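Report on the following structure.
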Amino acid sequence: MIELCFATNNQHKLNEVSHQLGNSFVLKTLRDIGCTDELPETSGTITGNSGQKANYIWTRFGISCFADDSGLEVEALGGEPGVDSAHYSGSRDAQKNMEKLLEKLAGNSNRKAQFVTVFTLVLHGRDAVPVTHQFEGRIAGQILTEPRGSGGFGYDPVFQPDGHNRTFAEMSEEEKNGMSHRSRALAKMIAYLEKQAY
Ligand code: IMP
């Protein structure tokens, strides 16, 4: 069975990913491999940061691994907060980040946005040459004028996916995970992994 380390310290993501990965792979955590380092995220893009984190683990620990990076892209703000989603307001406070977003969009009728996730997979290839692939997932929706719901995290209370009349924060975890950017990207990665002959 393929052993894969998920380069995250977020327990919530670990649970979600291990549930979706099923039993065909052995999922290792950063703690399992003895990594206590802060992973680099300095590239300036979601795709770049995802790659940086996975490549860091591969380079330091030589284990097949994957990493994710996500963000919210708002059309009227030229793709902001994007790679800065986690600390848009200058702090990691989700409430403050949402407030800043709603202030910037005040009076703007274009509320189009999308969540984006990029997974980077680095697989131990032949002769220890790593094989790297990236998988992207998106979900389109609208930014509401005020928050609704208490579930989820981050920008969930102000994001309503297209085709629905509830925000991510008003959905059960299961319902949100069934359509989220992260689960879509992950489904692509799993489909790729399942095609690999080991
Ligand atoms: P990460 O790279 O997955 O940690 O995501 C970076 C930031 O994007 C988070 O701190 C949130 O602010 C935002 N974000 C990513 N995914 C979601 C989501 O599913 N719901 C709400 N906010 C999210």
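The values are calculated or read from the model by the stated rules, or taken from the named source; none is laboratory data. Note that the structure is a prediction, hence the values are computed from the model and not measured. Counting neighbours? That spans all protein chains shown, and the Cβs are built from the backbone with ideal geometry, glycine included. Keep in mind that these areas ignore ligands, DNA and RNA; they rest on the heavy atoms of the full protein, side chains included. Shrake-Rupley method; radii C 1.70, N 1.55, O 1.52, S 1.80 Å.
Couple of notes before you dig in:
- Residue with peak Gaussian network fluctuation, the chain [Cα springs, cutoff 10 Å], from Thr59, Thr167, Thr132: Thr59
- Partners for Lys188 among lysines (Cα-Cα distance below 28 Å; same-chain residues under 8 apart left out): Lys13, Lys28, Lys53, Lys112, Lys176
- Choice from Asp127, Asp69, Asp84 showing the highest fluctuation, given a GNM over the chain with Cα pairs closer than 10 Å: Asp127
- Isolated Cys in the chain, by beta carbon distance under 4.7 Å: Cys35
- Each listed q (0.09, 0.11, 0.15 Å⁻¹) maps to a log10 I(q)/I(0) for the range 39-161, found by the Debye formula over equal Cα scatterers with no solvent: -0.30, -0.43, -0.71.
- Fluctuation leader among Val74, Val131, Val158 - the chain, Gaussian network, Cα springs under 10 angstrom: Val131
- Residue-level accessible surface for Lys96, protein heavy atoms, 1.4 Å, Å²: 110 Å²
- Share of Cα-Cα pairs in the range 1-99 lying beyond 15 Å, as whole percent: 66 percent
- Charge dipole (Cα centre; +1 on Lys/Arg Cβ, -1 on Asp/Glu Cβ; no other charges) of the chain amounts to roughly 240 debye.
- Chymotrypsin sites (Phe, Trp or Tyr not before Pro) lying in DSSP loop within the range 151-197, provided at most 11 other Cβ fall within 10 Å: Phe153
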